[in-house]
Structures are given as structure tokens and as C-alpha cells.
Amino acid sequence: MYLINCSLNAIDTIFSTRSLGSGEPNCPAGTFAAGYVMDGWKKWRIVCLAPLSVEDIEDIYVFGAMITGILLTGFGGALLYRKLENIMQKLAAMQWDLDLETSKGH
């Protein structure tokens with residue numbers, strides 16, 4: 001965890017202290033040029049983004065872990081359903097055989 005925090009802090013420092021090169025569009029302080037987008041008037045505009053802080057990245061990791069947990073739970077439920085369906089089919093076949101044996105005896 002310490003290594004991750006150090007790496008994220010280094011990335012944050014690099015992006016926050018990044019200087020504009022020649023010919024690069026101006027963005028407000030603390031942001032960097034991320035690209036361009038065409039607005040409703042068919043004019044290209046610069047997209048300026050703020051660097052992600054450690055807290056933002058932790059939120060992204062928590063969200064990713066939550067989605068992964070939901071997907072794994074769903075996958076496990078599907079496997080359990082298939083296994084239980086197989087067991088129920090075998091039990092139904094055994095019950096049918098038992099019913100045939102008891103009906104022959106009477």
C-alpha cells in the first residue's frame with residue numbers, strides 16, 4: 001500500500017507541476033490539456049482536466065472492487081444454480097424410479 005501511495009503521489013506531483021510547452025493551449029492553473037472536443041457551435045474547444053488526487057484514485061479502486069465483487073457473486077450464483085438444477089434432476093429421476101418400483105409392487 002505504501003508503494004502505491006508513493007507512486008500515486010509522484011504521478012500527482014508530475015502532473016501538477018507540468019509546465020506548458022511552446023504552442024500548447026493555456027489551461028487554468030492546476031489543470032492540464034487533455035484534448036479537444038467539438039461544441040454545439042461546431043467549434044473545437046480545449047478540454048482541461050485536473051490531476052487525480054490519491055483520494056480520487058482510491059475511490060476508483062473501491063468502485064472497481066465493488067463491481068468485481070458483484071460480478072463474481074453473480075457468476076457464483078449462476079454456477080450454484082446450475083449445480084442445484086443438476087442435483088434436482090437426479091433427485092427427480094430417483095423419485096420417478098422409486099414410484100415405478102412401488103407401483104409394480106401393488
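Laboratory data are not the source of any read-out in this text; all were calculated from the coordinates shown. The model shown is predicted, which means the values in this text are computed figures rather than measured ones.
Some notes on this structure:
- For a straight C-alpha distance cut-off of 29 angstrom, the lysines reachable from Lys104 (same-chain residues fewer than eight places away being disregarded) are Lys90.
- Maximal additional length on extending the Lys83-Glu55 stretch stands at 5.9 nm, based on 0.36 nm per residue less the C-alpha distance.
- Convex hull of the stretch 53-106 built on C-alpha atoms - directionally averaged projected area, nm²: 3.7 nm²
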